Amino acid sequence: MCAVVENSVLPKKKRSKAPLVLILILLLLIGSVGSFVYASMRPMPSSSEAVMFEIPEGTGTAGIADKLQKEGLIRSALLYKVYLKMEKEGGSFKAGSYQLYPGLDYAGITAALNEGEGAKPASVKVTIPEGLTIPQIADRLSEAGGWDAKSIRQLAREPEKFADVLPDGVPSEEGLTYALEGYLFPDTYEFSTDASAEDVVRRLVKETTTKLKAVPDFDALLKERGLTVHELLTVASLVEREAVVDSERPLIAGVIYNRLNKPMKLQIDATVQYALGKQKDRLLYSDLEIDSPYNTYKHEGLPPGPIAAPSLKSIEAALQPEASDYYFYVTKKDGSGAHWFAETYEQHQQNIEKSKAGGK
């Protein structure tokens, strides 16, 4: 009988999973880097508001790329530098001024910078002085840039269009003549001549928000005073219309708060002039009787909103008023624009007589 010898079955070796894991990790890394690069190279959100971009003489491509990122025109200076190197671009960039619109891709920005001064569309500079009202600002914009004054005034009554750039939501107080009164920041601006009236108003509103955010400890100071942004701008506009001498702004703000806390009617002539819709060198007693929520001779507390465009100095004074026991002030008649301040009505009357006599 023959013995049958069965084939021996050797145990199979287990394959290592390490290479597969490494491949998966590598693919994930490549995907993550690719996603990051793609996201970083995407154009910024489009905007009809141009950014004035300056390239000083002697600035290299690295400095230009860094400046583009800093001014919100690209997401990554590093990737733009890589792009320029790969495309063999950047050597023809010219120093000068450019109006670049957020939303341009790398190719668009590069083409604009290659064109030098020719890349700058026609533009116009407009200066908005402190203390102007909406109608006055509208007229100035119309004269300087040809924007329709009526359209500007109408836009000032449509704050919801600018909700995304307003500092504290849409003003909704009752009785407002112009909802955006006090929200168009006084400054010097440069606009493209093809900018719309809405673009212009948006820029001025946005500048107010920017300036407020730049004030040190703004939120804490606002909370300390117990004010909304709208109330702050209202007080600041009163200070703007009342003060001529900068050093007196905090003191005048303090007088306003003293009267509000008493409470006493503010009796500020500028609010009556605003209610009248025109400036008068001298108010009549009949003017003080005008039926308007802005008339602080008839109504206690603040008017419904600002009565002019306040300067940053007036805003800071309204945030940090000078403490005093004063409740009254009257303008000196010596041409200085300064005031006499008084704690009592009797002292105030004496100051009025002194002012009439031209005393110092």
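In segment 113-134, the residue that is modelled with the highest pLDDT out of those that are closer than 11 Å to Gly96 by Cβ and surrounded by 13 or more Cβ atoms within 10 Å (Cβ to Cβ) is Leu113.
Here Pro250 clears all of (1) assigned by TED's automatic domain parsing to the domain that holds Tyr327; (2) within 19 Å of the chain's Cα centre (by Cα) except the condition numbered (2).
Please find, among Pro129, Pro135, the residue that is assigned to a loop (DSSP other than H, G, I, E, B), under 30 Å from Leu238 (Cα atoms) and not assigned by TED's automatic domain parsing to the domain that holds Lys278. It would help to see each step written out before you state the result.
On the way: Pro135 fails: assigned to a loop (DSSP other than H, G, I, E, B).
Checking each option against the conditions leaves just Pro129.
Scanning segment 67-92 for residues that are more than 16 Å from Leu113 (Cβ to Cβ) and of a type in the set (Val, Ile, Thr) yields one hit, Val82. Return the residue satisfying two criteria in turn: it lies in segment 220-233 and is part of a helix (DSSP H, G or I) and in contact with a helix residue (DSSP H, G or I) (Cβ under 9 Å, 6 or more places away or on another chain), and of such residues it is nearest to Glu130 (Cα to Cα). If we take residues in segment 220-233 being part of a helix (DSSP H, G or I) and in contact with a helix residue (DSSP H, G or I) (Cβ under 9 Å, 6 or more places away or on another chain), then Leu233 is nearest to Glu130 (Cα to Cα). Go through (1) assigned to a helix (DSSP H, G or I); (2) surrounded by fewer than 21 Cβ atoms within 10 Å (Cβ to Cβ) for Asp281 and report which single condition fails. Every condition holds for Asp281 apart from (1).
Do you know which residues across segment 302-356 are in a strand (DSSP E or B) and either surrounded by fewer than 21 Cβ atoms within 10 Å (Cβ to Cβ) or of a type in the set (Asp, Glu) (or both)? Write out each step before concluding.
Looking only at segment 302-356, we keep the residues that are in a strand (DSSP E or B), and these are 328-331, 339-342.
The answer is Tyr329, Val330, Thr331, Trp340, Phe341, Ala342.
Part of a helix (DSSP H, G or I) and buried (at least 19 other Cβ atoms within 10 Å of the Cβ): is that true of Ala236 in this structure?
Judged against the criteria, Ala236 is a match.
Looking only at segment 65-113, count how many residues are of a type in the set (D, E, K, R) and part of a helix (DSSP H, G or I).
Narrowing segment 65-113 to residues of a type in the set (D, E, K, R): 66-67, 70-71, 75, 81, 85, 87-89, 94, 105.
Applying the additional criterion that residues be part of a helix (DSSP H, G or I) yields 66-67, 70, 81, 85.
Final tally of qualifying residues: 5.
Among the residues of this structure, Arg249 counts as one that is part of a helix (DSSP H, G or I) and touching a Ser or Thr at 6+ places or on another chain (Cβ under 8 Å).
Checking each residue in segment 162-199 for being aliphatic (A, V, I, L, M), in contact (Cβ under 8 Å) with a residue 60 or more places away in the chain and over 19 Å from Tyr274 (Cβ atoms) picks out only Ala195. Pairs are defined by a Cβ separation below 6 Å, a sequence spacing of at least 6 or placement on different chains, a first member in segment 300-329 that is more than 22 Å from Ala179 (Cα to Cα), and a second member that is in a loop (DSSP other than H, G, I, E, B); the pairs so defined are Asp325/Glu343; Tyr326/Glu343. Surrounded by fewer than 16 Cβ atoms within 10 Å (Cβ to Cβ) and closer than 27 Å to Gly226 by Cβ: does that describe Glu289? So Glu289 does not fit the description; no. For beta carbons closer than 7 Å, sequence separation of 6+ or different chains, a first residue in segment 138-152 that is among the hydroxyl-bearing types (Ser, Thr, Tyr) and a second that is at pLDDT 95 or above and in a helix (DSSP H, G or I), the qualifying pairs are Ser142/Ala149; Ser151/Ala197.
The values are calculated or read from the model by the stated rules, or taken from the named source; none is laboratory data. Here the structure is a predicted model, which means the values were calculated and not measured. Cβ atoms come from the backbone with ideal geometry, glycine included; neighbour counts cover every protein chain shown.
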